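The values are calculated or read from the model by the stated rules, or taken from the named source; none is laboratory data. If you're wondering where the values come from, they're calculated on a predicted model, not measured in any experiment. We place every Cβ from the backbone using ideal geometry, glycine too, and count neighbours over all the protein chains shown. Calculation scope for accessible area: heavy atoms of the full protein, side chains included, ligands and nucleic acids excluded. Shrake-Rupley method; radii C 1.70, N 1.55, O 1.52, S 1.80 Å.
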Amino acid sequence: ATLASIAVYAQFPDFTPPTPLFRATTKNDLEEVKRLLREGVNPNEGRFIGMSPVFFAIINRNPEMLRTMVAKGADVRATDGFGSTTLMWAAARNNPEAVKLLLELGADMKVRTSNAPSDAREPLPLV
């Protein structure tokens, strides 16, 4: 390999999902997620671009995947690499169905992220 190709390779992070569960959640493949969880895959294992697998059920607006993952032990109070919660992601993605479901499943709406500016650390009121 040339020095230029090594330098280019080093600048691009590897966005390959680290586990089969991540591959299934990022592809929004509910049947594969169910199969993997039935086989005993840990729904909280690993991080991909700072997030645990449950975040991708929220990002993909897949409430059945979210329910399935939580039923198998996915942490609804998980945070990403910046301290944002699953509930914050659902609200930021304008996903009221996920917000409601996460609250029903035990997400804490009073959690604050430590990385937000001081004036943004108060929880948002639910409308």
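What number of residues in region 33-60 are open to solvent by 50 Å² or more (accessible area, probe 1.4 Å), farther than 10 Å from Leu21 by Cα and either touching a Pro at 6+ places or on another chain (Cβ under 6 Å) or modelled with pLDDT of 95 or more (or both)?
Selection size over region 33-60: 3.
Yes or no: region 27-46 includes at least one residue that is part of a helix (DSSP H, G or I) and under 11 Å from the mean Cα position of the chain (by Cα). Break it down into steps so the answer makes sense when it comes.
Of region 27-46, the ones part of a helix (DSSP H, G or I) are 30-38.
Keeping just the survivors that are under 11 Å from the mean Cα position of the chain (by Cα) gives none.
Among the residues of region 27-46, not one is part of a helix (DSSP H, G or I) and under 11 Å from the mean Cα position of the chain (by Cα), which makes the answer no.
Scan region 95-110 residue by residue and report those that are modelled with pLDDT under 90 and open to solvent by 90 Å² or more (accessible area, probe 1.4 Å).
Met109, Lys110
Consider only pairs whose beta carbons are under 7 Å apart and that are at least six residues apart or on different chains; among these, list those whose first residue lies in region 26-42 and is closer than 12 Å to Ala57 by Cβ and whose second residue is in a loop (DSSP other than H, G, I, E, B) and open to solvent by 60 Å² or more (accessible area, probe 1.4 Å).
Leu37/Lys72
With the requirement that a residue be of a type in the set (A, V, I, L, M) and part of a loop (DSSP other than H, G, I, E, B), what does region 68-117 give you? Give the steps one after another, and end with the answer.
Our first condition is that a residue be of a type in the set (A, V, I, L, M); within region 68-117, this holds for 69-71, 74, 76, 78, 87-88, 90-92, 98-99, 101-103, 105, 107, 109, 111, 116.
Result: Ala74, Val76, Ala78, Leu105, Ala107, Met109, Val111, Ala116.
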